[in-house]
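My structure is below; once you've seen it, I'll send some questions.
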Amino acid sequence: MSENPEAGSVARAARFLRSVRHTRPAQLAHRARLIAKRRALERFGTRLPLRARPLAERAPAVHPQPPRSPFAPRTDFVERRGGELWLRCAGRRLRFTLPLEWFPTDWDDGTRLALLHLHSMEWLEGLDDDACRRAILDWIERNPPYARGYWLDAWNAYALSIRCVVWMQQLAAREALRTSPDAATILRSLASQLAFLERNLELDIGGNHLIKDLEALLWAGRFFSGPEAERWGAKGAALLARQLEEQVLADGMHFERSPAYHDQVLADLLECRCVLPPGPLQQRLEATLDRMAQVSADLAHPDGFTSLFNDGGLRMARAPREVLAVYERLRSIAPEPRLHVLLPDAGYFGLRGEDSLLLADCGAIGPDHLPAHAHADMLSFEWSAGGRRVIVDPGVATYDPGAERDRARSASSHNTLTVGDAEPCELYGSFRAGRRARVRLERCEAYGPALAIEGSHDGFERLCGRPRVHRRLIASRRGLHVFDHVTGGAGQPVRSQLLLHPDAEVTRGRGELLIRMGELSLRLETRWPIEIAEAVWSPDIGERLATRQIVLRYGPAPCLGAFSITALSPASRRRARGLAYSAS
């Protein structure tokens, strides 16, 4: 039977209202102003005088000692194949040949994330001096402002902020570029872009986007000299002071609660620290960096990469060790990962061993007014053992709206419980959230080399019988025990999922599953029925690796469920090999 169009419209309108009610009035006002401005400039911008020209008539003087990035160049955005250069942009590739194809037709879809990466131009760091110079001039010539859709990519404030910082850093680092006859043209374009950014800050979005904007203003304040530079620097500093208080939680986690974006924001703030003058704001920033650096160390797995909770990727941001190395140089402090990860404001808790890490999520999906990167991962967990990831978060392959994006954000893809076919959070589109579950931390006890966490959430209470999900997790260095309880409900089937790393081999024994990864062997024991399903792991945007998901069927709600995963000794592994047979 076809869906009633009128009923569908009503449902979408209700979902939109459930989303927008969490949005701050100031965000809506900023968005309304930006929309009106964009429409006006698309229609009349090219007819305006000086402010619509692609290049300013002049640029401020460059500071005698322009600042340099504290980070090593990122050369991994450029690949060399058989004498050709290829640019890597959010899972897509483009052959580098000038004039560059700035708008590949097959990239003009969804969130246009690959186009944003292309126009951010971080890949310049992997080119030689001449190619870098010619690429910048090509962008200036072929991307004037105020063409239709100008704000989506070429003149998108987020991409523009990254691009301006990259250009300033390349000018500071490359003498050949700085002394080139084309330097004046590049500087004039920079001045125009920064003036545009000053008028189009992403105050409607906030979050990590606004941090990028402020970094560009602060960097411009130190790269250039004169009244304009002072104004850019002062505006960036004033806004940064407010954002530090809002965006960094008391436990040091970035408020969007994505470990990958936390590392990105930490790297951005470290660059801000390099261009802030000494004073109270610099001291506040340093105290914030100290808390954030500890979180980055705590959330790094033994493989050196961060947790995949919420949106992000293993290589989306700079690796924790790279960020922490810069932090150590600037602050002369080297944070060590803690035995117990206790981040109550973020809702992340964990236990670290010599070559293992358990991380559990028992907190909000993100700030109510900015759930763009949130997943329905309440009471989920990740587990590394023997130095390798074993139970993994599903990650995310795309930000484009659709079934794949919905699946990546769903509870059914995470290592948590589901009730019936319902989802505990109403996540839709690319970055929207309507109804969202409320999580309660019931108990957290850290004692010696062990950790006990107990939590619950109300994400399914709208269903018949008002089912509520409870989970108790006890971790030690040998393994973990999970006890699940669904109270209420009306017979809805309850499932618990575990997503395995693609390298994991699974065999069935009597009442158990054996999981092997190289020399590592683990035993999963439970008295509830087990199924093994095909699944996908996406460690980075654009990556889709085939793997398997273990599904435990607990029965109809209300119900109990439990399982344990323990490491096997060499003798136990020999006995297990004699009992096991291949899983179907």
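With the checklist (1) hydroxyl-bearing (S, T, Y); (2) over 20 Å from D268 (Cα atoms); (3) not assigned by TED's automatic domain parsing to the domain that holds I453 in hand, flag the one item Y327 doesn't pass.
Exception for Y327: condition (2).
Scan V295, V275, V248, V265 and give me the residue that is at pLDDT 95 or above, farther than 27 Å from D368 by Cα and of a type outside the set (S, T, Y).
After applying the criteria, what remains is V275.
Filter region 86-132 down to the residues that are farther than 14 Å from A154 by Cβ and either acidic (D, E) or outside the structural domain of A157 (by TED's automatic domain parsing) (or both), then identify the one that is modelled with the lowest pLDDT.
Taking the candidates together, the pick is D109.
While we're looking at this one, here's another question. Among all residue pairs at least 6 apart or on different chains, which show Cβ distances below 6 Å where the first residue, located in region 319-334, is more than 16 Å from L299 (Cα to Cα) and the second is of a type in the set (G, A, S) and surrounded by fewer than 16 Cβ atoms within 10 Å (Cβ to Cβ)?
E328/A334
If you don't mind, another one. Find the residue count for region 153-198, including only residues that are in contact with a His (Cβ under 6 Å, 6 or more places away or on another chain) and not hydroxyl-bearing (S, T, Y).
3
Here's another thing I want to ask about it. Counting just the residues of region 273-298 that are part of a loop (DSSP other than H, G, I, E, B) and out of contact with any Leu (no Cβ under 7 Å at 6 or more places or on another chain), which one comes out surrounded by the fewest Cβ atoms within 10 Å (Cβ to Cβ)?
Within region 273-298, the match that is surrounded by the fewest Cβ atoms within 10 Å (Cβ to Cβ) is P278.
Follow-up question, since we're still on this one. Could you check region 507-535 and list, in sequence order, the residues that are in contact with a Lys or Arg (Cβ under 9 Å, 6 or more places away or on another chain), closer than 23 Å to S356 by Cα and either outside the structural domain of H414 (by TED's automatic domain parsing) or crowded, with 16+ Cβ neighbours inside 10 Å (or both)?
The answer is T507, E512, L513, L514, I515, R516, M517, L520, S521, L522.
For region 461-491, enumerate the residues that are in a loop (DSSP other than H, G, I, E, B) and surrounded by fewer than 22 Cβ atoms within 10 Å (Cβ to Cβ).
Residues satisfying the conditions are E461, R462, L463, C464, G465, R466, R477, R478, G488, A490, G491.
For a quick check of your reading: which strands (runs of 3 or more DSSP E) sit entirely within region 25-139 and have at least 3 residues that are free of Cβ contacts under 8 Å to residues at least 60 places away in the same chain and buried (at least 17 other Cβ atoms within 10 Å of the Cβ)?
Filter on region 25-139 gives 84-89.
Tell me which residues, restricted to region 381-402, are surrounded by fewer than 22 Cβ atoms within 10 Å (Cβ to Cβ) and among the polar types (S, T, N, Q).
Scanning region 381-402 gives a single hit, T398.
Same structure again: Give me the pairs, please: first residue somewhere in region 298-309 and modelled with pLDDT under 95, second residue anywhere and surrounded by fewer than 23 Cβ atoms within 10 Å (Cβ to Cβ), beta-carbon distance under 8 Å, and either six or more positions apart or on two chains.
Listed pairs, sorted by first residue: none to list.
Can you name the residue in region 414-433 that is assigned to a loop (DSSP other than H, G, I, E, B) and hydrophobic (A, V, I, L, M, F, W, C) and, of all such residues, is surrounded by the fewest Cβ atoms within 10 Å (Cβ to Cβ)? Walk me through how you get there before you give the answer.
First, the residues of region 414-433 that are assigned to a loop (DSSP other than H, G, I, E, B): 414-416, 420-426, 429-431.
Retained after the next criterion (residues that are hydrophobic (A, V, I, L, M, F, W, C)): 422, 425, 431.
Details: A422: 14, C425: 22, F431: 18.
Out of the qualifying residues, it is A422.
Hey, any hits in region 198-205 for a residue that's surrounded by fewer than 23 Cβ atoms within 10 Å (Cβ to Cβ), assigned to a helix (DSSP H, G or I) and assigned by TED's automatic domain parsing to the domain that holds W155?
For region 198-205, residues surrounded by fewer than 23 Cβ atoms within 10 Å (Cβ to Cβ), assigned to a helix (DSSP H, G or I) and assigned by TED's automatic domain parsing to the domain that holds W155: present.
Same structure, new question: If M378 satisfies every condition in (1) assigned by TED's automatic domain parsing to the domain that holds R432; (2) surrounded by fewer than 24 Cβ atoms within 10 Å (Cβ to Cβ) but one, which is the exception?
Result: M378 fails condition (2) only.
Go through (1) modelled with pLDDT under 95; (2) touching a Gly at 6+ places or on another chain (Cβ under 8 Å) for A411 and report which single condition fails.
(1)
Sticking with this structure for a sec: State whether one or more residues within region 237-245 are surrounded by fewer than 20 Cβ atoms within 10 Å (Cβ to Cβ), free of Cβ contacts under 8 Å to residues at least 24 places away in the same chain and under 18 Å from P344 (Cα atoms).
yes
Which condition number in (1) among the small types (G, A, S); (2) more than 19 Å from V396 (Cα to Cα); (3) not in a strand (DSSP E or B) is the one that G350 fails?
With (1) among the small types (G, A, S); (2) more than 19 Å from V396 (Cα to Cα); (3) not in a strand (DSSP E or B) applied to G350, the lone miss is (3).
What number of residues in region 440-490 are over 24 Å from T526 (Cα atoms) and either outside the structural domain of P558 (by TED's automatic domain parsing) or of a type in the set (S, T, Y) (or both)?
Within region 440-490, residues that are over 24 Å from T526 (Cα atoms) and either outside the structural domain of P558 (by TED's automatic domain parsing) or of a type in the set (S, T, Y) (or both) number 1.
Give the residues of region 120-166 that are of a type in the set (F, W, Y) and more than 15 Å from P99 (Cα to Cα), sorted by residue number.
Within region 120-166, W123, Y146, Y150, W151, W155, Y158 meet the criteria.
The values are calculated or read from the model by the stated rules, or taken from the named source; none is laboratory data. These numbers were taken from a predicted model, which means no experiment stands behind them. Note: ideal-geometry Cβ built from the backbone for every residue, glycine included; neighbour counts use all protein chains shown.
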